[in-house]
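The values are calculated or read from the model by the stated rules, or taken from the named source; none is laboratory data. Remember, it's a predicted structure, so these values are computed and weren't measured experimentally. Note that we place each Cβ from the backbone using ideal geometry, even for glycine, and neighbour counts take in every protein chain shown. Note: areas computed on protein heavy atoms with side chains; ligands, DNA, RNA excluded. Shrake-Rupley method; radii C 1.70, N 1.55, O 1.52, S 1.80 Å.
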Number of protein chains: 2
Amino acid sequence: MRFSSQREIIREIVESTNAHPTADWIYNKAKKRLPNLSLGTVYRNLKQLDEEGTIKAITDGNVSRYDWNTASHDHMKCKVCGEIIDVHLQDDSIRKKIRKNYKFEVDDVKMTIIGTCKKHKK
Amino acid sequence: MRFSSQREIIREIVESTNAHPTADWIYNKAKKRLPNLSLGTVYRNLKQLDEEGTIKAITDGNVSRYDWNTASHDHMKCKVCGEIIDVHLQDDSIRKKIRKNYKFEVDDVKMTIIGTCKKHKK
DNA sequence: AAATAAATAATAACAATTACTATTATTATT
DNA sequence: AATAATAATAGTAATTGTTATTATTTATTT
Ligand SMILES: [Mn+2]
Ligand SMILES: [Mn+2]
Ligand SMILES: [Zn+2]
Ligand SMILES: [Zn+2]
């Protein structure tokens, strides 16, 4: 894969936020620096960065979001404000349990907690 | 909500399988009994059945799937054959931990294990 | 049986994403 | 440094999954 300034800027933007942005959000941010950037270019590069393991694509309902943090972790999604917050919950016991009880070879465990974040405490 | 034969048949089909079918799969199955059924009718009724708690909508990447089993449970998805297998992994400790450590009010915990099922053992 | 309004089929609209293609930019080779 | 090879891009069209619209049909109430 050879250099492209578009890909560099897209990567920088993903790495600049904890907000787990969508492709469209990234596109609008990047357009300020590259006015004739194409949304297809954003999607293509996000896929490449995900495939090479630089970032991680996560799925939130029907939209893809992108996470600079490729380490294993989980997410809490607030149904009031939509915010996605990092959280670490998994331990190895889940993977071990599955392998043992179901003979299922585990690649990844995806956990999302749906609820209401502390900002909305009455 | 008043009776409709379309809704009855859609519900029966969801309740007839453990395969976590998509709207399109359900549509094609139901069309055999109701030849001029509309896909919109399938989506509308699946949403109603989900809202009244008769079935549960789950999200698998970018498609919705439907589960007759409304009890709390998790899923393993085989990346080779695409099968979605039920599994029970959660205990109350996750919910308690989140409430305590993050002051986050938990509604639902969604967990999906990605990997390879035992059918593909070499 | 007539009135009311929920549900339907058919179709259009929509949002997220991918595919296509002529042009441009990067890297390797001379 | 010029040339060649080809990966990446912008612009646009196409696709997919889903929701909205609307005239008509159907279930329920009166
Ligand atoms: Mn994260
Ligand atoms: Mn299930
Ligand atoms: Zn919130
Ligand atoms: Zn399998």
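Placing unit charges on C-beta atoms (Lys and Arg positive, Asp and Glu negative, everything else neutral), compute the dipole magnitude of the stretch B:73-122 about its Cα centre in debye, rounded to 20.
Roughly 360 debye for the stretch B:73-122.
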task: State the percent of C-alpha pairs, over all pairs in the protein assembly as shown, separated by a distance greater than 26 angstrom.
output: 51
query: From largest to smallest, what semi-axes in whole angstrom does chain B give when each is the square root of 5 times an eigenvalue of its alpha carbon gyration tensor?
result: 30, 21, 11
- prompt: Say a label goes 7 Å from Cα toward Cβ at residue A:121 in every copy; what distances in nm does this one have to the rest, shortest first?
  reply: 4.9
- request: Tell me the trypsin sites (Lys or Arg not before Pro) within the stretch B:1-62 that lie in a loop according to DSSP and have at most 11 other beta-carbon atoms within 10 Å.
  value: B:2, B:32
- prompt: At residue B:24, label 7 Å along Cα→Cβ: distances to the other copies, nm, ascending?
  reply: 2.2
Buried area at the A-B interface (accessible, heavy atoms, 1.4 Å probe, summed, Å²): 2800
task: Report, ordered by chain and residue number, the aspartates and glutamates lying within cross-link reach of residue B:100, taken as a straight Cα distance under 14 Å and ignoring same-chain residues fewer than 8 apart.
output: B:92
- prompt: With charges only on Cβ, +1 for K and R and -1 for D and E, what is the dipole size of chain A about its Cα centre, in debye, rounded to 20?
  reply: 400
- prompt: In whole percent, how big is the carbon plus sulfur part of the accessible area of chain B, probe 1.4 Å, protein atoms only?
  reply: 48
field: Backbone HN-Hα couplings from phi across the stretch B:9-25 [Karplus 6.51/-1.76/1.60, Hz, Gly and Pro as x]
entry: 5, 4, 5, 4, 5, 4, 6, 8, 9, 9, 7, 6, x, 8, 4, 5, 4
query: Which distances, in nm and shortest first, link the residue B:70 label point to the same label point in every other copy, taking 7 Å along Cα→Cβ?
result: 4.3
- request: Working from Cα positions, state the angle (0 to 90°, nearest 10) between the long axis of helix B:92-102 and the longest principal axis of chain B.
  value: 70
field: Largest-first principal axis extents of the Cα set of the stretch A:5-67 (Å)
entry: 29, 22, 21
query: Using r as the Cβ-Cβ distance of residue B:101 and residue A:25, and R0 as 22 Å, what FRET efficiency do you calculate, to the nearest 0.05?
result: 0.20
message: Pick from B:105, B:52, B:83 the residue whose mean-square fluctuation is largest in a GNM of chain B, springs joining Cα atoms under 10 Å.
response: B:105
field: Length released on extending from residue B:48 to residue B:60, taking residue separation times 0.36 nm less the Cα-Cα span
entry: 2.4 nm
- request: Name the nearest-to-axis residue of chain A, judged by Cβ distance to the rotation axis taking chain A onto chain B, and quote that distance in whole Å.
  value: A:111, 2
- prompt: In chain B, which Cys residues have no partner Cys with a Cβ closer than 4.7 Å?
  reply: B:81
task: Give the whole-number value, in cubic angstrom per residue, of the convex hull volume spanned by the C-alpha atoms of the stretch A:53-95.
output: 100
- line: Counting only protein heavy atoms and rolling a 1.4 Å probe, one gets per residue an accessible area for the stretch A:1-40 in Å² of 63
Flagged links, alpha-carbon separation over 18 Å, of A:77/A:119; A:56/B:96; A:110/B:118: A:56/B:96; A:110/B:118
